Structures are given as structure tokens and as C-alpha cells.
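Down below is the structure, laid out as C-alpha cells.
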Amino acid sequence: MVKDDSWNNTYFWRYPNNVPLTYLLSLWLRLMHLINLTTNTELHILNFFFLDGFIVLMLVTLYQLNKRKSIVIGGFTFLVMSPFAYTYYLQIFYSDLPSMLVLLIIFRSLLLWNQKSKKQKIISGGILSLMILIGELIRPNLIVLLPAIAIVSIFLVLGKILKKSKLIIPIIIIIISFSLSFPITKIIYSASKYHKDSAYELPLTSWVMMGLNQKTNGTYSGSDISHEIKRTSLIVRQKYDKKRIMTRIKKLGPFGVLKQWIIKLGVLLNVGSIQSWYNGGFREAPNWYQKNATFFETLTSISYQIATIVLWLFVITFLWNWIPNLSKKKDPIILLVIITILGYLAFHTLIWETEERYGQIILPLILFLFGALSGHTPRPMIVKSRSLLMLITLAFLNLLSSANLISTLYPKPQVVVAQRSQLSTQYHAKRLLIKKGSVISEKLVFNYKANKFYIEIPASSNFKVELINTKSKHRYRLRPNGTAYDYQGKIIRGEYYIILKDKQNESQQIEVVQTRNYKLSPYSLMFNHHTMRYASLIYKGIYDPKR
């Protein structure tokens, strides 16, 4: 799958950290192609494998931690009964869920290390090393595990129990594995024929600079990047970033920096928008969903936020009553989990750019603590926590019952039909050059009414663009509007064709996304009556109840 021309856009030159993930994914796709599966099916299999694997392994781990069925039921309720299993992680394959699974396997290896025979330790050591390598390759912030291990090791040395803990060998394995990630990365670059280009690469300081951006609350800033990429080299960008960083720190001042950190921590721990992470809307949501979309989205947001808050309250209650004894088998691992959580939070709060989904990396660690610390809670505190959780549950049910009312009072625009996947023009995506007199068409299905539709077309191009209802033959004429052609008015349910006819006497460009064996839209693009199976226009239909 990975060929010489795979890297011929600036995305991977700017973000070389995504090359190992892309290469590993290509190995999976290449393997699955041997049994003639489509790329769509192959990605769905990956999602199911990682999601179900994570859930099952997490529940097994919870049982192994304290043998209490109630804790396993609590973990099952969170992972299976909440939106966790049915939104982002099931719909979109990315590094987030594999990283969470890797982190869980790492801490399971440490937890069970002393229970294994010599032969089992050899196998477990190999798995631990492999997980560290994969985890660091696909998500470099796993490096926070190293300072966490260093801190725990210092505590064990000061307590003169490092040898007794029997964690020396796995610690050495982890350190060696991290050091191997650098040559392995170079091997992947060589195997995939990828070469860095410092003329496009963004320095690490880019994310530090974005983390100090007040306007975006420390999240990814397109404005920052657009200003930075105008600089001609990596060194110039670094100098620009450092200057901007110092300017922003001075402008914020001590209290402003502290406020920025608090805001970033809030962003990091917010899970209410899980359904929209890397998701700009469904391609063709059914009519029954569209009628109640705002209600379902409100329900999803509230239920996952409440589930997360309840989980955190349990863990905080258990932590409050935990008195660490590092001479016990589990306690050094528990302490390592806690410090690793703090490391992730500190990294994205104090240093790096932050996003809501970044905070999910600590979820397996929070659930680990949920299982490991539950037996440490004194009886009186259990009674108090149950009373508190009962009040929260009642509040939760009240919120759910009012979710429909909220959605009625504050209806949101809904994506009715869409194909928005593309390689952004900022990464120098290639446009399709068409000859004069060409006709391009693509089938669309509106399962719900809409009042706005647009299709991306370069501002320099000139087309006659129409949306035609296949049953009534009614035509909706789209007009140029910047880098798109749009129609604003009532569009009824039904099947349509979007048709673009060339109006120039010379060749011109059009925005078309083309992939290899990967179908992004439900229907293929037609170019001069020839089917382009894995190509699609970039479009979106919206129903805005306020219009």
C-alpha cells in the first residue's frame, strides 16, 4: 500500500510523527487485500477489534484487580451502556483507541509480572517491549511514562524496597524499548521510502505556541499554523515560535498563564462532544434520526458527561482513603498509574496544545484505579459516596428527562447529507484538471429536508451547477460563493443528482477527492459518463431550523 508517491503532499512533511502510524496501517491493509476485502471493511474490522478488545481486556483487568463483581458491573456499565462504545471509537479509526489499549496492556504486564513463571516472564517481557514500541510510534506522548517510572523508582529506592518489588527487569525493558523507538522510526522511514523535508516541517515549538493561544483556549489554531507555514525553513519557524511564545507569556502574565492552564485542563477533561470528534456529520442519516437528531446528540453529550463524572467521583473517593504501602505488590503500580495520569494532564495543560479527545488517553488508567482502589475504601465513606452517587443519579435522570425539552428550545443545524473527507488545500492537495465541455455528476440521497447545500469548487473555476430531483425533475441552481457553490432554500426529501457542466472554453480545476480502494461517499462520481468508483465531490447539505 505504501508507495513512493504516497508522501507527495505536505501533510506528512509537516507532521512526520504520523508516518509510523500510516505505515503500520498500510501493513494491515496490505494483508487484508490478500483476501479481497475493501478498505472500508478493513477499517471497520480494526475498529471492532480495538474497541471490543479494549472493553473485554479492561473488564478482565477489573476482575483481576479485586475479584468484586460490582466493580466489573460498574466498568461494564461505563464502557458498554454509555456512548463510549457507540460513537467516536466505533465510527472512526485513529491512534486514540490503539494507544489506550497499549497503555492498558503495559500496566497489566506490570501488575501481573510477579505472578508469572520464568518462561511466562520472557513472553510478557517481549509483549511489554512491543507495546512500548508501538505506543511510542503511534502516539509519542507515551514518553510521560519515563519520568513517572523515574519518580516511582526513587520512592522505591528511598524505601529500600526496589529489589523486593521485583520491578527492576520490567523497568529496564521499558527504558530499552523507548530508546529503540528512535532507530525503529528510521527503519520505517526507509521501508516506506519517506524522507523528511525541513522546508515544510513544523517544529515542536508550534504546539507550545498554540497552547498559549487565548483565542482558541490552547487548542489547535489554524491561524497560528497559517502564519507559521509562511516562514521558509524549520529554523526560521522555530525562531518565530519562540518569539511568539515569549510575547504571549508576557501578555498573559502570571495570573493569565494560570487561567490559561485551568481553561486547558477544563478542555482536556471535557467529554461532551465525543460524537463530533473527527466527525463532521453522517453521510446519509435515516429520516427517523434526523427528526430527533438534536435530542439524540443532547442525550449522548449529557449521558457521557454524567458517566464520566460518576467514574471520577468514585476514583477520587477511593484515592482520598488510600494510604499507599509500597511494600505491597499492587501499590507501586497504583502509584505509577497515578503519576502517569498527572503526567498526561500536566503535559497537555502546562506545555502542549490541548484537545478534548486528548484527555481520553487516561481513561484506562482511571478505570484501573477504579478497580485497584475500591477495596481500600472504609465502610463509612462507602455509605457517604453511595448517598452522593444517588443524588447524582437523580440529577442525571432529571437531565435526561429534560433533554427533549432542551433540544426543542435550542434546535441545532443538522447535517442531512455530506461527503466532507478531503486532503485540505493547505497541504497542497491536487485538484482534478478537466477539459472544456466536461460533465461531472454524483448521486445524493436526502433522507430529510434541507435548506442549504454547498459543494466545494475553486473560486477560479466556472461551472453550471444544479441539484436535480430524480423523481420530480425539479432543478436547484447553485451560485458561486467564494470557494464553493451553494443553494439556500427549501430542499425536499428524495434522490438527487448534483451535476456540474463546464462553462469555460479552456481546462479548469475542480475539487475531487480520490482514493485507492476506499469509498468515501455512498455513490461513485461520474465523469463524462464514466464511473470513478473511488472518487467523490466534496459537499454538505444542512437543515437549519432557525432559517
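Figures for the structure shown
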quantity	calculated
Residues (in a helix (DSSP H, G or I), among the small types (Gly, Ala, Ser) and open to solvent by 20 Å² or more (accessible area, probe 1.4 Å)) located in the stretch 254-279	GLY266, SER276
Qualifying positions in the stretch 508-539 - open to solvent by less than 60 Å² (accessible area, probe 1.4 Å), polar (S, T, N, Q) and within 14 Å of LEU433 (Cα to Cα)	GLN508, ASN528
Hey, ASN505 assigned to a loop (DSSP other than H, G, I, E, B), in contact (Cβ under 8 Å) with a residue 40 or more places away in the chain, open to solvent by 50 Å² or more (accessible area, probe 1.4 Å) and not hydroxyl-bearing (Ser, Thr, Tyr) or not	yes
Subset tally (residues that are assigned to a helix (DSSP H, G or I) and in contact with a helix residue (DSSP H, G or I) (Cβ under 9 Å, 6 or more places away or on another chain)) for the stretch 306-330	14
Unmet requirement for THR300, which otherwise passes all of (1) touching a residue at least 40 places away in the same chain (Cβ under 8 Å); (2) surrounded by fewer than 16 Cβ atoms within 10 Å (Cβ to Cβ)	(2)
Cβ-Cβ under 6 Å pairs, at least 6 apart or on other chains, the stretch 462-488 side closer than 22 Å to ASN505 by Cβ and open to solvent by 20 Å² or more (accessible area, probe 1.4 Å), far side in a strand (DSSP E or B) and at pLDDT 95 or above	none
Every residue from the stretch 184-216 that is open to solvent by 60 Å² or more (accessible area, probe 1.4 Å) and not in a loop (DSSP other than H, G, I, E, B)	LYS186, ILE187, SER190
Residues within the stretch 313-356 that are touching a residue at least 40 places away in the same chain (Cβ under 8 Å), open to solvent by less than 30 Å² (accessible area, probe 1.4 Å) and within 19 Å of the chain's Cα centre (by Cα), tallied	6
LYS546 being closer than 17 Å to ILE440 by Cα and open to solvent by 60 Å² or more (accessible area, probe 1.4 Å)	no
Residues of the stretch 234-252 that turn out to be more than 29 Å from the chain's Cα centre (by Cα) and open to solvent by less than 80 Å² (accessible area, probe 1.4 Å), as a count	3
Residue within the stretch 21-34 that is closer than 29 Å to GLN115 by Cβ, part of a helix (DSSP H, G or I), touching a residue at least 24 places away in the same chain (Cβ under 8 Å) and not aliphatic (A, V, I, L, M) present	no
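The values are calculated or read from the model by the stated rules, or taken from the named source; none is laboratory data. Every value quoted in this text rests on a predicted model; they were computed, and no experiment measured them. Here Cβ is always computed from backbone atoms with ideal geometry, including for glycine, and neighbour counts include all displayed protein chains. These area figures cover heavy atoms from the full protein model, side chains too; ligands, DNA and RNA do not enter into them. Shrake-Rupley method; radii C 1.70, N 1.55, O 1.52, S 1.80 Å.
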